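Written below as structure tokens is the structure these notes are about.
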């Protein structure tokens, strides 16, 4: 299994704070669902189904998860991981450029 990238799909500002809750999409190859998502090496969500898409003839999968709390205008730098139902595991440190809160 190979984690390719993480993107922000939406952000909601947390009232009376400088923080936002981000929904994220993790794109990867390999493994078989359902999946467990890890954030900072702790299990975050379990039994997540995956969606898939084909780009230039290659099959990719993704899971959408969250919310992940972050400081508005600041990057999210964290370790994300994924376990698949067929026993595969992958984790990787990601840098998400900046959390643009509405």
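So is residue 81 part of a strand (DSSP E or B), touching a strand residue (DSSP E or B) at 6+ places or on another chain (Cβ under 7 Å) and closer than 30 Å to residue 15 by Cβ or not? Taking the combined requirement at face value, the residue does not satisfy it. The condition (being in contact (Cβ under 8 Å) with a residue 12 or more places away in the chain, farther than 22 Å from residue 91 by Cβ and part of a strand (DSSP E or B)) is satisfied by just one residue among 12, 22: 12.
Only one entry in 77, 54, 68 is under 14 Å from residue 94 (Cβ atoms) and without any contact (Cβ under 8 Å) to a residue 24 or more places away in the chain, namely 77. The residues in the stretch 59-78 that are farther than 13 Å from residue 26 by Cβ and in a strand (DSSP E or B) can be counted, and the count is 6.
Picking from residues in the stretch 32-52 that are under 11 Å from the mean Cα position of the chain (by Cα) and at pLDDT below 90, the one that is surrounded by the most Cβ atoms within 10 Å (Cβ to Cβ) is 44.
The values are calculated or read from the model by the stated rules, or taken from the named source; none is laboratory data. If you're wondering where the values come from, they're calculated on a predicted model, not measured in any experiment. Here Cβ is always computed from backbone atoms with ideal geometry, including for glycine, and neighbour counts include all displayed protein chains.
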